[in-house]
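Mind looking over this structure? Questions follow.
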Amino acid sequence: MRLVFLGPPGIGKGTQAKILCQRITIPHLSTGDMLRDVISTKSDLGKEARTYMDRGRLVPDDVILGMVEERLQQPDTHGGYLFDGFPRTLPQADGLNELLSQINQNLDTVVALEGEDEILIERLSNRRTCGSCGAITNLLNSPSQEEGKCDQCSGELIQRDDDQPNVIRERLKVYKRQTEPLIAYYAERDQLIRINGVGTIEEVTARILENLPKEE
Ligand code: AMP
């Protein structure tokens, strides 16, 4: 199964993507995680990417498409995958189509998770991420047992630089301007399913699973 998860920041794409990838055993390809890995190497590319991410802007399309092209060459992607946070612009969507046609692949489904701005802002400002294992928690809905420590690995829970209120507002603006048009793009191609992303984690997972096409 080859899937794309689309949706505004804070809708729970990362959380749902991780659950689904475990359930159907496909790799989780998050361009945000890939970029954060590049940043941690302190390379020139990482430093450049950081200047965009810290301001809530999108990293240039050619950088993203280069990273994705390289990732699709890894053998673990041959049986399917889930893209989380990619594509985020129309040129990225066209670029993905081109990459896939070169390797004779098609996307099966694009899942658009939807929710109101107020909920997104509340979730993002209360989101904490484990600096060691990447687990995501929320101070309101799923606080860790010990304050500031990850339940899974005891790593330190940190607030992402781009989860600060002024950056959150910018990311939402960028989403509406540059990413939301992809909903119409994939709807026109009959590849889109729309899912209400508001509810408990389990409720949203169940909605997604109910609506995914059944594998033959
Ligand atoms: P995410 O973890 O998906 O919320 O992404 C965090 C940040 O990484 C975004 O705000 C962008 O600055 C950058 N980013 C992630 N994926 C992409 C993408 N497909 N295109 C451009 N920038 C991206």
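The values are calculated or read from the model by the stated rules, or taken from the named source; none is laboratory data. All values derive from a computational prediction rather than experimental measurement. Neighbour counts run over all protein chains shown; Cβ positions are idealised from the backbone, glycine included.
One line per residue, one yes/no per condition, for (1) modelled with pLDDT of 95 or more; (2) within 16 Å of the ligand (Cβ to nearest atom):
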position: 163; (1), (2): no, yes
position: 167; (1), (2): no, yes
position: 176; (1), (2): yes, yes
position: 184; (1), (2): yes, no
position: 203; (1), (2): yes, no
position: 210; (1), (2): yes, no
position: 213; (1), (2): no, no
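From (1) more than 10 Å from the ligand (Cβ to nearest atom); (2) modelled with pLDDT of 95 or more; (3) of a type in the set (Val, Ile, Thr), pick out the condition that doesn't hold for residue 68.
Result: residue 68 passes all but (1).
Do you know which of the residues in region 152-161 that are surrounded by 15 or more Cβ atoms within 10 Å (Cβ to Cβ) and modelled with pLDDT of 95 or more is nearest to the ligand (Cβ to nearest atom)?
Here is the first cut: in region 152-161, the ones surrounded by 15 or more Cβ atoms within 10 Å (Cβ to Cβ) are 155, 157, 160.
Adding the requirement that they be modelled with pLDDT of 95 or more leaves 155, 157.
Numbers: 155: 18, 157: 16 Å.
Filtering first and then ranking leaves 157.
Yes/no matrix, rows are residues, columns are (1) within 13 Å of the ligand (Cβ to nearest atom); (2) closer than 25 Å to residue 187 by Cβ; (3) surrounded by fewer than 18 Cβ atoms within 10 Å (Cβ to Cβ); (4) free of Cβ contacts under 8 Å to residues at least 60 places away in the same chain:
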| site | (1), (2), (3), (4) |
| --- | --- |
| 62 | yes, no, yes, yes |
| 79 | no, no, yes, yes |
| 88 | yes, yes, no, no |
| 95 | yes, yes, no, yes |
| 106 | no, yes, yes, no |
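Can you pull out the residues in region 181-203 that are surrounded by 14 or more Cβ atoms within 10 Å (Cβ to Cβ), touching a residue at least 12 places away in the same chain (Cβ under 8 Å) and out of contact with any strand residue (DSSP E or B) (no Cβ under 7 Å at 6 or more places or on another chain)?
Listed by number, the residues that qualify are 185, 198, 201.
Give me the pairs: first residue in region 117-144 and small (Gly, Ala, Ser), second residue part of a strand (DSSP E or B), beta-carbon distance under 7 Å, and six or more apart or on different chains, which are they?
Pairs found: 131/156; 131/158; 144/137; 144/157.
While we're looking at this one, here's another question. Do you know which residues across region 19-33 are within 14 Å of the ligand (Cβ to nearest atom) and at pLDDT 95 or above? Quick ask: steps written out before the conclusion?
Residues of region 19-33 within 14 Å of the ligand (Cβ to nearest atom): 28-33.
Hits for region 19-33 are 28, 29, 30, 31.
Within region 114-173, take every residue that is out of contact with any strand residue (DSSP E or B) (no Cβ under 8 Å at 6 or more places or on another chain) and among the β-branched types (Val, Ile, Thr) and give me the one that is nearest to residue 194 (Cα to Cα). Talk me through it step by step, then tell me what you get.
To start, the set of residues in region 114-173 that are out of contact with any strand residue (DSSP E or B) (no Cβ under 8 Å at 6 or more places or on another chain) comprises 116-122, 124-125, 133-134, 140-142, 145-147, 154, 161-162, 164-173.
From what's left, among the β-branched types (Val, Ile, Thr): 119, 121, 167-168.
Working: 119: 18, 121: 21, 167: 26, 168: 23 Å.
Per the stated criteria, the residue is 119.
Touching a residue at least 60 places away in the same chain (Cβ under 8 Å), farther than 21 Å from residue 136 by Cα, crowded, with 18+ Cβ neighbours inside 10 Å and in contact with a Leu (Cβ under 9 Å, 6 or more places away or on another chain) - does that describe any residue in region 162-174?
For region 162-174, residues touching a residue at least 60 places away in the same chain (Cβ under 8 Å), farther than 21 Å from residue 136 by Cα, crowded, with 18+ Cβ neighbours inside 10 Å and in contact with a Leu (Cβ under 9 Å, 6 or more places away or on another chain): present.
If you don't mind, another one. Counting just the residues of region 34-54 that are exposed (fewer than 15 other Cβ atoms within 10 Å of the Cβ) and within 11 Å of the ligand (Cβ to nearest atom), which one comes out farthest from the chain's Cα centre (by Cα)?
The residue in question is 51.
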